[in-house]
Amino acid sequence: MDRSSPDGPLMPLGRYFSENLSAVLAVAGKERENRSVGSPGPMTATQIHRKTGVARSTLRALKSQRGESAANPDLDTLDRLAAALGVPPAFLLMRPQDWFALGQALGASGDYLAAAMKLHSAGQLDNGSPVEKVLRECKVHPDARPMGVGSSPEVTRANARDEWRRRSCLKFGALMLRPGRAHQSRVALAAIAGALVSASTPNDPNIDD
């Protein structure tokens, strides 16, 4: 199986960073001469050094995928490289499965966006847990319980899924919906977070106390 497929075996995060960095550097320079229009050119190590102060030997080590150790840039280096390349720092750390999950969430976000906009218009989005409110509005949380059934494996699993989603909604909200962000951005981000939580909910999660 292709190691870069969403279902491929996981590699150390530093290997994905090296792949991402190499891929962006290969197309971030000026257009190649004597090639077809739009043919990408690389950004050279000298250009990166001039923009960031990162030594060419350091850049070479960060791009390398050889040997046992994976790249492990410090946050300042990561930030400077991302700024020079014009991409968000987080994008240099994204794995194929992260892009896959984000793409799925964006593709499925229509209903979640409608729910978030409805809550926002009613002044209810920012009360409590915004992401959980979106899931409740979309009727995907909490799980439906079997009628007339008390304690059972099905009810235990539903309880675990509800608790997993509740915690995930709070965590995504803490990352994506901090106070002070523009309302329109919060609506879209709440929808995306809701879609991510819903799509990633395990069938039978193991909940720690």
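The table for this structure:
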read-out	value
Pairs where the first residue, in region 72-90, is farther than 10 Å from Asn20 by Cβ and the second is among the acidic types (Asp, Glu), C-beta under 7 Å, 6+ apart	Pro89/Asp79
Failed criterion for Ala70 (all others in (1) at pLDDT below 95; (2) of a type outside the set (D, E, K, R); (3) not in a loop (DSSP other than H, G, I, E, B) hold)	(3)
Residues satisfying the stated conditions in region 41-69, i.e. in contact (Cβ under 8 Å) with a residue 40 or more places away in the chain and either surrounded by 15 or more Cβ atoms within 10 Å (Cβ to Cβ) or outside the structural domain of Ala82 (by TED's automatic domain parsing) (or both)	Met43, Leu62, Lys63
Close pairs (9 angstrom Cβ cut-off, 6 or more residues apart or separate chains): outside the structural domain of Val140 (by TED's automatic domain parsing) in region 156-172, modelled with pLDDT under 95 and part of a helix (DSSP H, G or I) anywhere	none
Among the residues listed as Asp111, Asp143, the single one being over 17 Å from Pro202 (Cβ atoms), surrounded by fewer than 19 Cβ atoms within 10 Å (Cβ to Cβ) and of a type in the set (D, E, K, R)	Asp111
Enumerated helices (runs of 4 or more DSSP H) restricted to region 98-209, each holding at least 1 residues that are within 30 Å of Met11 (Cα to Cα)	109-121, 153-176, 183-200
Hey, Ala84 outside any loop (DSSP other than H, G, I, E, B), assigned by TED's automatic domain parsing to the domain that holds Leu25, in contact with a Ser or Thr (Cβ under 9 Å, 6 or more places away or on another chain) and surrounded by 17 or more Cβ atoms within 10 Å (Cβ to Cβ) or not	yes
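The values are calculated or read from the model by the stated rules, or taken from the named source; none is laboratory data. Quick caveat: nothing in here was measured; it's all calculated off a predicted structure. Reconstructed Cβ throughout: ideal geometry from the backbone, glycine too, with neighbour counts over all protein chains shown.
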